[in-house]
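Derivation of every value follows stated rules applied to the coordinates shown; laboratory data play no part. From a predicted model like this one, the values you see are computed outputs, not experimental measurements. Glycine also receives a Cβ, built like all others from the backbone with ideal geometry; neighbour counts cover every protein chain displayed.
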Amino acid sequence: MKKYLIIGAIFFVLFLGTLGALIAPYAFYQFIIEGSYSPEWFKINKIVKVNNLDPVLDQSDFVLHQTVFEDYTKNLNVFAYNIPLPMRHPIFEIFPIVEMRKKSKEAEIGIDYTDHEKNKILTIMLHASKTFKRYLDDQKLFKIPLVRSTFKDMQFHDFWKDLFTKEVISFEKINFFDLSFFDGSYYKEMVYDLYLLHMRDKIFEEMPSRLYFFEEKNLGMAHYPSSRSNSMNNEIKEQFFQVLDLRLESFTLYYEDNNLNSKDIRALILKNIRYDYSSPKMGSDIFKEFKMLSYEDKLSEVGFNFLFAAWSHDLKNKKFLRDVLAFLERSPDNLTILGPLYNYAFDQFGESLKSEEGGDLSSSDFLKQKIEDENKKEIRDMVNSERKKFEEMKFENSDEKVKYFLEKAKQEAAHKREQDGVDVSK
């Protein structure tokens, strides 16, 4: 009897050991995805899960409410993206963004879409491409041959969609009485889900609140709460990702959640945007298109859009930038958009632009001087116009001439009192 009890005890211990060995990986897995356990063989900084009921988007999610938004736009290649830009648009215009990245020392191109009062409606930032890596060797877990073999038959398209749409399996959803528990299916899914968490940690620099996938364009989207210092009211931040030829391409949108114009520009961009390529030749081709514009269009926002798009393909070409600035300086209306380009010229080339007197100026001083020069030019033109009028006037006698100047002096005095806040009607 004692013999049977010992044998039974041994089998019971073996059973518990086997059961423990089977369940232990699931327990470790559950602790990892909950963030309560960070083993040496699998370490990540943030755990990004899919919390959406319907994470897949389609074209119906980007409907234009106002067709006028598309009627006055033209798609141009800015940096590596083909995007819609306003051309004498009745509602909005664009303002350039050129930011120097501290780490890479490279410029990052962006565009503010504003109304004609310069109120910001939407911002798009176009990021430099990165090499897309699988990062399998970054975790000790994935170096184990048996674990690594799990990814052998993985289809990239399915993985890319899962990265933004798949909810990782949790312990309570595992049926321990299911045959899948014994054939290794759950193990494979757990390993796959850990790899998804690993890749999300690598790709997303911040912790997204939600993830989406725009299937028609194969775009993954991370939704963030915006924390910009110069943000719009109720600002939303969305970053879009795409992998092309083993390169990770991305752009970011900032827009107002409760602004219909803002949402329409977002819809317009997402409907039309596509990754193309960037090269100096592309910039030269767009510059040729600029030269074919009418003189009036060259000096308007239409001309600026073409020039900015052309220059975005050859940012380090100093001569090209000087040509762009020379064209833009011809129109006083372009003075406000010249600021970011002047700042870039100083940051990138480390040179001072020269004032007319030959002294060195900072970029902000240079822009101020440009504005002052334009104001002086307006005054000169006004004075010359008045002088011309006076020369064309014919007075019958000296009394009429004196009377003219007295009336002119009265008008100027009344105008000055009005500017000083004096009631001139009394």
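Quick notes on this one:
- Pairs exceeding a 29 Å alpha-carbon distance, out of Lys49/Lys140; Lys49/Lys237; Lys74/Lys263; Lys130/Lys152; Lys263/Lys291; Lys46/Lys133: Lys263/Lys291.
- Low-density loop positions, trypsin sites (Lys or Arg not before Pro), the stretch 214-276 - DSSP coil, at most 16 other Cβ in 10 Å: Arg228
- If you wrap the stretch 49-278 in the convex hull of its Cα atoms and look at it from every side, the mean projected area works out to 14.9 nm².
- What you get for the stretch 67-110, charging only the Cβ of Lys and Arg (+1) and of Asp and Glu (-1), is a dipole of about 280 debye around the Cα centre.
- Footprinting exposure proxy for Trp311, Trp41, Trp160 (fewest neighbouring C-beta atoms within 10 Å first): Trp41, Trp160, Trp311
- Among the listed pairs Lys161/Lys217; Lys120/Lys281; Lys103/Lys316, those beyond 22 Å (Cα-Cα): Lys120/Lys281
- Residues whose amide H falls under 5 Å from that of Thr114, counting only those 5 or more places apart or on a different chain, are Glu93, Ile94, Phe95, Ile121, with hydrogens built in the peptide plane.
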